[in-house]
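The values are calculated or read from the model by the stated rules, or taken from the named source; none is laboratory data. From a predicted model like this one, the values you see are computed outputs, not experimental measurements. Note that we place each Cβ from the backbone using ideal geometry, even for glycine, and neighbour counts take in every protein chain shown. The area values use the complete protein model at the heavy-atom level, side chains included, leaving out ligands, DNA and RNA. Shrake-Rupley method; radii C 1.70, N 1.55, O 1.52, S 1.80 Å.
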Amino acid sequence: MLLDKLLFKLRKRRKHQFIAQIINIYTYTHKPTIDTISVLVQYASPSKLYKWIDLHRNSIPEVRYLKLLSCIENSDQEKLIAPKKRLKIAVCISGESRTFQYCIKSFHRFFYGHDIDIYIANKSPENSSLIKQNYNPRNLLQYTDIDYTDHERKGIETFNFLYLKHNVIIPKANTNIYPMWFGIQKSFQALNQTVPDVKNYDAICRCRFDTFFRKPLTIESFPESNIFIDPNYNEHEGYSDQFAIGHPNAMTQYFNLYDWIPKSFDYDFGEKGYLPEILLKKYLEKICELKITGIDFETRLLRNDFIGLESHEIPIKSNSTNLLRNQQIQNYIKIKFPDLYPHQ
């Protein structure tokens, strides 16, 4: 849909005034439909859309009106949507705690109506008290990073470097991969330390502190070999490693990717190399033989420069954050592995 592509590009450039103007014109000249509402809920405030469908209520059949209303309410952060089926879910959280205080309300809204137990792996003890207050975890596992030097060196020697814009050079085997997956595994360890059998849950979820949820969870069942991810972050033809939910059997394998990393260096990851999303896809499909289903959960990573934006204004990516991260990785490699870093 051309409208969706246009609005997506404008939001990416943070052109919220232009988006508002286009939506004003569009809602003035068109009648609401399920397809258009499904697009516009990503870019317009719920109040704007409520007014639009109410303006045309007399000409819209009641059944269709209720569908339109439901579509808007799913993205309305002030509406709590009860699930059709109550599930027992374990939520394993890891990563940097960063902007979690701005995401916590959306987190609880996403899982509203379900029976959830929260398990957290945290390496920032100064935030432990605040995290406990907001999440009330069944187990908060405090841990420290280990030495990833062997993985880092092996990854660089095997897969070489990426040459990016702004004279930035980083390893294809991103050094952030190792602490990330170690932390993910630790969050699952927090679960295993607490319950005798993870299969007592209908589903297990991998989540980050800085994940903002625009919609509620609507899945009603989890097939044994399935994992559901948000395709919005599937870069490089791989799978996003930021959010996943699935059956306990499938997710047990997901959480233990870190143990496979030493063997992963022997695999061919194609022309693009050992990138995080490609690594995850190889592991889940070829090693674990799991089925991956993409569902637009409307998750967003709430970067610091997104704080204060309305939920529909939050972009998929932050170019400034990505550039800063890559520069930090570049400096880290220059200092730690001067013998491996390319001479310019």
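Part of a helix (DSSP H, G or I), open to solvent by 80 Å² or more (accessible area, probe 1.4 Å) and among the basic types (Lys, Arg): does that describe Arg64? Working first, answer last.
Values: part of a helix (DSSP H, G or I): yes; open to solvent by 80 Å² or more (accessible area, probe 1.4 Å): yes; among the basic types (Lys, Arg): yes.
In short, yes.
What number of residues within the range 68-113 are modelled with pLDDT of 95 or more, charged (D, E, K, R), surrounded by 15 or more Cβ atoms within 10 Å (Cβ to Cβ) and under 21 Å from the mean Cα position of the chain (by Cα)?
2
In this structure, does Phe18 turn out to be in contact with a Leu (Cβ under 6 Å, 6 or more places away or on another chain), not β-branched (Val, Ile, Thr) and not in a loop (DSSP other than H, G, I, E, B)? Before the answer, list the steps.
Values: in contact with a Leu (Cβ under 6 Å, 6 or more places away or on another chain): yes; not β-branched (Val, Ile, Thr): yes; not in a loop (DSSP other than H, G, I, E, B): yes.
Criteria met by Phe18.
Being at pLDDT 95 or above and not in a helix (DSSP H, G or I) is the filter; apply it to the range 267-293 and report the residue that is surrounded by the fewest Cβ atoms within 10 Å (Cβ to Cβ).
Within the range 267-293, the match that is surrounded by the fewest Cβ atoms within 10 Å (Cβ to Cβ) is Glu289.
Any idea which residue in the range 28-53 is least open to solvent (accessible area, probe 1.4 Å), counting only those that are hydroxyl-bearing (Ser, Thr, Tyr) and farther than 16 Å from His16 by Cβ?
We begin by selecting, within the range 28-53, every residue hydroxyl-bearing (Ser, Thr, Tyr); these are 28-29, 33, 36, 38, 43, 45, 47, 50.
The next check asks that each one be farther than 16 Å from His16 by Cβ; those that pass are 28-29, 33, 36, 38, 50.
Working: Tyr28: 196, Thr29: 86, Thr33: 61, Thr36: 10, Ser38: 50, Tyr50: 45 Å².
Here the residue is Thr36.
Looking at the range 186-209, which of the residues that are touching a residue at least 40 places away in the same chain (Cβ under 8 Å) and surrounded by fewer than 21 Cβ atoms within 10 Å (Cβ to Cβ) is nearest to Asn127 (Cα to Cα)? Let's see the steps before the verdict.
So in the range 186-209, the residues touching a residue at least 40 places away in the same chain (Cβ under 8 Å) come out as 186-191, 193-195, 198-209.
Retained after the next criterion (residues that are surrounded by fewer than 21 Cβ atoms within 10 Å (Cβ to Cβ)): 189, 193-195, 198-200, 202.
Numbers: Gln189: 20, Gln193: 22, Thr194: 22, Val195: 25, Val198: 27, Lys199: 30, Asn200: 30, Asp202: 30 Å.
So the residue we want is Gln189.
Return yes when Phe306 is open to solvent by less than 30 Å² (accessible area, probe 1.4 Å), more than 18 Å from the chain's Cα centre (by Cα) and either modelled with pLDDT under 95 or of a type in the set (Phe, Trp, Tyr) (or both) and no when it is not. Please lay out each step first, then the result.
Details: open to solvent by less than 30 Å² (accessible area, probe 1.4 Å): yes; more than 18 Å from the chain's Cα centre (by Cα): no; either modelled with pLDDT under 95 or of a type in the set (Phe, Trp, Tyr) (or both): yes.
No; evaluated as a whole, the condition is false for this residue.
Please enumerate the residues belonging to the range 134-143 that are over 25 Å from Phe297 (Cα atoms) and either at pLDDT below 95 or open to solvent by less than 40 Å² (accessible area, probe 1.4 Å) (or both).
Matches in the range 134-143: Asn139, Leu140, Leu141, Tyr143.
State whether one or more residues within the range 145-161 are under 30 Å from Ser47 (Cα atoms) and surrounded by 14 or more Cβ atoms within 10 Å (Cβ to Cβ). Steps first, please.
First, pick out the residues of the range 145-161 that are under 30 Å from Ser47 (Cα atoms): none.
Taking every residue of the range 145-161 in turn, none turns out to be under 30 Å from Ser47 (Cα atoms) and surrounded by 14 or more Cβ atoms within 10 Å (Cβ to Cβ).
Which residue, of Thr293, Thr252, Thr299, is in contact (Cβ under 8 Å) with a residue 60 or more places away in the chain, polar (S, T, N, Q) and in contact with an Asp or Glu (Cβ under 7 Å, 6 or more places away or on another chain)? Working first, answer last.
Numbers: Thr293 fails: in contact with an Asp or Glu (Cβ under 7 Å, 6 or more places away or on another chain); Thr252 fails: in contact with an Asp or Glu (Cβ under 7 Å, 6 or more places away or on another chain).
Unique residue meeting the criteria: Thr299.
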